[in-house]
Every structure is written in structure tokens, then in C-alpha cells.
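In what follows, a single structure is set out as C-alpha cells and then discussed.
The values are calculated or read from the model by the stated rules, or taken from the named source; none is laboratory data. Note that this is a predicted model, so its numbers are computed, not measured. All Cβ positions, even for glycine, are placed from backbone atoms using ideal geometry, and neighbour counts span all protein chains on display.
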Number of protein chains: 2
Amino acid sequence: MCELLGMSANVPTDICFSFQGLIQRGGGTGPHKDGWGIVFYEGKGIREFRDPDPGVDSEVARLVQRYPIKSCYVISHIRQANMGPICLENTHPFTREVWGENWTFAHNGQLPHFDSLTLGKDVPIGTTDSEHAFCWLLQELRTTFDRSPDPQTLKAFLHPRCEQLRAMGVFNLLLSNGRFLLAYCSTKLQWITRRAPFGKAQLTDADVAIDFAGETTPNDVVTVVATEPLTNNERWHKMLPGEMVLFVDGEFWAGSGGK
Amino acid sequence: MCELLGMSANVPTDICFSFQGLIQRGGGTGPHKDGWGIVFYEGKGIREFRDPDPGVDSEVARLVQRYPIKSCYVISHIRQANMGPICLENTHPFTREVWGENWTFAHNGQLPHFDSLTLGKDVPIGTTDSEHAFCWLLQELRTTFDRSPDPQTLKAFLHPRCEQLRAMGVFNLLLSNGRFLLAYCSTKLQWITRRAPFGKAQLTDADVAIDFAGETTPNDVVTVVATEPLTNNERWHKMLPGEMVLFVDGEFWAGSGGK
């Protein structure tokens with residue numbers, strides 16, 4: 001399996017603290033050592049960093065942990081390979097251009113019969129079930145919409161399709177185009193929204209603590225989504241299987257499903 | 001204007017030395033301070049690093065200079081903006097998936113009436129003439145070929161289209177899909193192939209020298225393409241306006257045109 005990390009914020013915010021916690025699980029405190037990746041949105045543009053090597057040993061991951069890149073939307077992934085060999089083209093997140101926007105996708109789970117999903121113009125570069133499912137979702141979007149739908153419409157459209165994928169196996173999802181963060185839970189996904197009054201947080205996977213009061217302004221709203229809580233002294237919201245949540249500008253925007 | 005850097009090699013080779021020379025021109029020894037980017041192929045996958053800030057001041061560029069990432073195909077670009085504001089989505093290189101491959105493009109020059117080029121399914125994310133021209137070339141390819149053509153066929157197909165773009169302005173190009181490096185010269189582009197017996201090289205833009213004999217094996221063949229020579233003690237091949245050259249596995253594969 002793998003682990004996911006996502007962020008939505010109302011002001012450009014760095015993710016060094018959360019990423020520092022996640023990356024320990026990439027071969028240190030967790031077994032997800034088969035590559036990692038992270039995508040930061042800056043307006044319509046993205047920066048991405050990735051490595052097929054374990055996150056805990058990665059020189060590039062060390063840069064991402066210490067160098068504060070400010071962004072309103074971030075998606076990251078650490079991989080424990082089950083379908084597709086360990087190589088750069090099989091590391092998440094995957095990004096494709098649709099309607100002149102960068103769409104970014106990361107998946108935790110597996111979809112054994114993924115090749116039954118019919119593709120269109122977007123085809124996978126690697127050999128994972130995940131990238132195949134991403135290309136299928138893009139095809140579904142392209143054949144239905146002529147332009148980028150608003151986030152609520154998108155959520156309503158994607159929720160039944162994510163249910164369809166969940167019925168094929170395990171499908172925990174993070175998706176963004178730099179204007180929203182969409183999270184869908186098949187088995188494991190949790191989130192936390194931080195806002196004033198900000199407090200202290202302690203990572204679960206490293207002896208690192210932060211006082212967010214010293215790093216933020218009173219109007220900042222930042223939501224972090226992760227497979228498992230990254231801190232051990234805060235209350236995270238555990239998503240239910242089948243639940244989809246939309247975050248915009250750091251805020252919980254809409255939720256549905258779950259059983 | 002901007003500057004280009006490309007590499008084709010028969011064994012995975014790092015580009016730290018050449019990139020160290022190029023990046024000085026990103027606000028140091030040259031005026032190309034409006035962003036930079038680099039794409040490394042590893043098999044079908046890519047790593048990319050980019051920044052809208054000047055290369056000489058970039059923390060990420062410092063990593064790329066000192067951390068040896070081994071690759072057989074690399075494309076890099078430093079930008080001096082003329083069309084499109086300075087932002088992440090306007091930094092080169094641009095990469096898109098076609099036929100399940102990453103296609104990477106970087107351009108030096110300008111195409112004043114670029115919006116006369118009709119696009120298809122691939123549309124720009126940013127606002128540069130360059131990305132528009134890239135999307136147009138991809139559309140030309142998609143409507144002509146059902147699968148990725150061999151490099152020679154591709155070269156024959158793209159040469160007249162590059163001539164068409166050159167007639168619209170200035171169009172120096174580097175293009176790769178990880179199996180070839182294609183260079184097209186409109187005004188300025190030079191290349192050098194290094195092979196045994198390897199010698200010493202001295203950067204033009206920094207007090208840095210290297211003895212390639214200590215960094216290579218006797219069978220290594222590495223070609224570097226750049227807007228202006230990066231070293232001051234080697235002989236570079238100056239391309240002619242209208243000339244297109246194809247490099248495969250570090251070797252000059254085919255050339256045509258030029259006047």
C-alpha cells in the first residue's frame with residue numbers, strides 16, 4: 001500500500017513540517033520505501049519533486065523538508081509498490097493537462113482488474129493501476145465537460161465514479177487542479193483544519209514539534225489530509241469508507257457519502 | 001531571449017558541470033533571470049526542477065548543480081521573458097504525454113503571431129508563444145501518426161514545420177521523448193560530442209574545470225547542445241540557421257538543412 005498527503009490553504013503555506021513526518025514512513029518508521037513524490041501549485045504552474053528511491057534516503061526529499069516552498073495546494077505520496085515495478089514513471093503524483101490546467105492525482109490502494117477501464121486520449125506512461133485509473137477519470141471528464149467544471153459539480157460527477165473504482169478494490173484518492181483539493185476515502189484517510197488560535201503540534205514519526213502560532217497570521221486556514229494522522233497531540237477527522245470531501249482555500253467545502 | 005541546454009548520452013551521465021555553467025547566465029554572467037527549468041529522463045519517467053526566480057539565486061538550482069542525477073537525456077532552459085509574465089507556468093521546459101511517452105520541449109526565440117497556429121486537444125497552461133508552438137507541434141504529430149514514430153521519421157516530419165515556425169520569428173528548439181534529442185537552429189545553437197580520449201574542460205562562466213577522463217569510462221559518448229558554448233577550451237560545432245540535428249545515444253545521428 002502507500003500513504004497520501006494533501007494540503008489546501010487560503011494563503012501560500014509551506015508543508016515542511018507535515019512532509020517531514022510523512023517521509024519518515026518512506027523506509028524509516030513505515031515500509032513505503034518504493035519511491036515518493038510531491039507536487040506544489042503556484043497559480044496555474046506546478047513544481048514537482050520525485051524519486052524512485054526511499055524517501056528517508058533521498059537527497060531531493062531532504063531539500064523538500066528544509067526548503068519552505070509556499071503553496072495553497074499540495075499533493076504528496078510515498079509508495080509501497082504492489083502493481084508496477086519500482087521506477088520513476090510509476091511514482092505518484094501523476095499530473096496531466098486538461099482544459100489548460102494541471103490536474104494532479106495520487107492514489108493509495110489497488111485495483112486488480114484496472115485494465116477493464118476503457119481509456120481515451122490520455123494513456124498511461126507507466127504500468128500502475130493508479131495511473132490507468134487517473135487516465136480513465138480524465139477521459140470521463142473530457143467526454144462530459146467542455147471546460148473545467150466548478151468544484152461542486154466536479155465532486156458530484158466524480159463521487160459515483162470513485163464508488164465504481166472502490167468496488168474494484170481499494171481506492172483512496174487525492175485530486176487537485178490548484179483550485180480545490182478533493183479527497184475520497186475507500187479505507188483510510190483523515191484530515192485536520194488548523195486556524196486561529198493556533199497551537200503546538202508534535203510529529204508522530206519524528207522528534208519534531210512546531211508552534212503554528214509563530215508561523216502563521218490570524219486569518220490563515222490550512223487543512224492537511226493524510227492516510228494516518230501525522231501528529232499525536234491533535235484531533236484528526238477520520239473519513240468513512242465511501243466518503244468524499246472537497247476543500248477550497250483551506251476550508252471544508254462540501255462532503256458526501258460514507259457508510 | 002533565453003538559453004537552451006540539452007544532453008544525449010549512451011550511458012546515464014550527470015550534467016552538473018554544464019548546468020553549473022548555464023545557470024550562471026541566469027542573472028549572473030547573463031541576463032536570463034526570469035526563471036529556469038530542467039528535465040531529466042530516467043527510462044520513460046522524468047524528474048523536473050523549475051523556479052520562476054533567477055537561477056543564480058535558486059536553492060533548487062543549487063541542488064541540481066551539486067547533486068549528480070544520472071540520465072541519458074536532459075533538456076534545460078533559462079528564461080529572459082519576452083512573451084508571457086514571469087511565473088511558474090511560463091517556465092520551460094514543457095512536458096506532455098503523447099502515445100504513453102513524456103515529450104519535453106524548450107524554445108529560445110519569439111513567435112509574434114503565434115496565435116495563428118491552430119491547436120487541438122493539447123492547450124497551453126501558461127501564456128507563452130513557446131508553449132503554444134509546442135501544443136501546435138503535438139497536434140501536428142497526433143493528427144499524422146497513430147504511434148510514436150522512429151526518430152528519423154520524426155525528424156523528417158518536424159523539419160519543415162520548424163522552418164514554418166522560423167519564418168514567423170525566431171525558433172531555436174530542443175525536443176526529446178527520452179529516446180532521442182532533436183535540435184533545430186533558427187539563430188543560435190552549438191553542440192559538442194565528448195568521447196575517449198577524454199580531456200579537460202574549463203567553464204566560460206565560472207572558475208570551474210573538470211577532467212572528464214576521471215569521470216567517464218572509455219566507451220562513454222556524451223553530446224551537449226547549448227545556445228552558446230559553455231566551455232572555453234574545446235571546439236563546439238556551430239549550427240546553421242535552418243539546420244536540424246538528431247542525436248541518439250550521444251551520437252550525431254542525422255542532420256539536414258542549414259543555409
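Among the residues of region B:211-233, are any hydrophobic (A, V, I, L, M, F, W, C), surrounded by fewer than 17 Cβ atoms within 10 Å (Cβ to Cβ) and over 27 Å from B:L182 (Cβ atoms)? Yes, region B:211-233 contains at least one residue that is hydrophobic (A, V, I, L, M, F, W, C), surrounded by fewer than 17 Cβ atoms within 10 Å (Cβ to Cβ) and over 27 Å from B:L182 (Cβ atoms).
For first residues located in region A:24-49 and more than 14 Å from chain B (Cβ to nearest Cβ) and within 16 Å of A:E228 (Cα to Cα), partners that are acidic (D, E) and in a strand (DSSP E or B) and lie 6+ apart or on another chain with Cβ distances below 8 Å form the pairs A:R25/A:E3; A:G30/A:E3; A:H32/A:E3.
Just so you know, in region B:106-127 the residues that are within 13 Å of chain A (Cβ to nearest Cβ) and touching a residue at least 40 places away in the same chain (Cβ under 8 Å) include one that is farthest from B:Y41 (Cα to Cα), and it is B:T127. Quick check: anything in region B:204-223 within 21 Å of B:R25 (Cβ to Cβ), among the charged types (D, E, K, R) and touching a Lys or Arg at 6+ places or on another chain (Cβ under 7 Å)? Within region B:204-223, one or more residues are within 21 Å of B:R25 (Cβ to Cβ), among the charged types (D, E, K, R) and touching a Lys or Arg at 6+ places or on another chain (Cβ under 7 Å). Across region B:14-38, which residue is surrounded by the fewest Cβ atoms within 10 Å (Cβ to Cβ) among those that are in a helix (DSSP H, G or I) and among the aromatic types (F, W, Y)? By that ranking, first place goes to B:F17.
Only one of the numbered conditions (1) more than 14 Å from chain A (Cβ to nearest Cβ); (2) polar (S, T, N, Q); (3) outside any loop (DSSP other than H, G, I, E, B) is not met by B:N82, and that is (3). Taken over region B:229-259, the residue count meeting the criterion of being in a strand (DSSP E or B) and free of Cβ contacts under 8 Å to residues at least 40 places away in the same chain is 1. Return a yes/no flag: does region B:63-78 have any residue that is out of contact with any strand residue (DSSP E or B) (no Cβ under 8 Å at 6 or more places or on another chain), in a loop (DSSP other than H, G, I, E, B), within 19 Å of B:V224 (Cα to Cα) and modelled with pLDDT of 95 or more. Yes, the conditions are met somewhere in region B:63-78. Tell me which residues, restricted to region B:1-25, are more than 14 Å from the chain's Cα centre (by Cα), more than 18 Å from B:L189 (Cβ to Cβ) and of a type outside the set (D, E). Once the filter is applied, which keeps residues that are more than 14 Å from the chain's Cα centre (by Cα), more than 18 Å from B:L189 (Cβ to Cβ) and of a type outside the set (D, E), region B:1-25 yields B:N10, B:V11, B:P12, B:T13, B:C16, B:F17, B:Q20, B:Q24. Screening A:E59 with (1) within 24 Å of B:S58 (Cα to Cα); (2) surrounded by 24 or more Cβ atoms within 10 Å (Cβ to Cβ) gives one miss only, at (2).
Among residues belonging to region B:74-133 that are under 21 Å from B:L182 (Cβ atoms) and among the charged types (D, E, K, R), point out the one that is nearest to the chain's Cα centre (by Cα). For region B:74-133, the residue satisfying everything is B:R79. If B:I75 passes every condition in (1) more than 13 Å from every other protein chain (Cβ to nearest Cβ); (2) surrounded by fewer than 18 Cβ atoms within 10 Å (Cβ to Cβ) but one, which one does it miss? Result: B:I75 passes all but (2).
Going through region A:63-73 one residue at a time, which ones are of a type in the set (A, V, I, L, M) and within 17 Å of the chain's Cα centre (by Cα)? Selection gives A:V64, A:I69.
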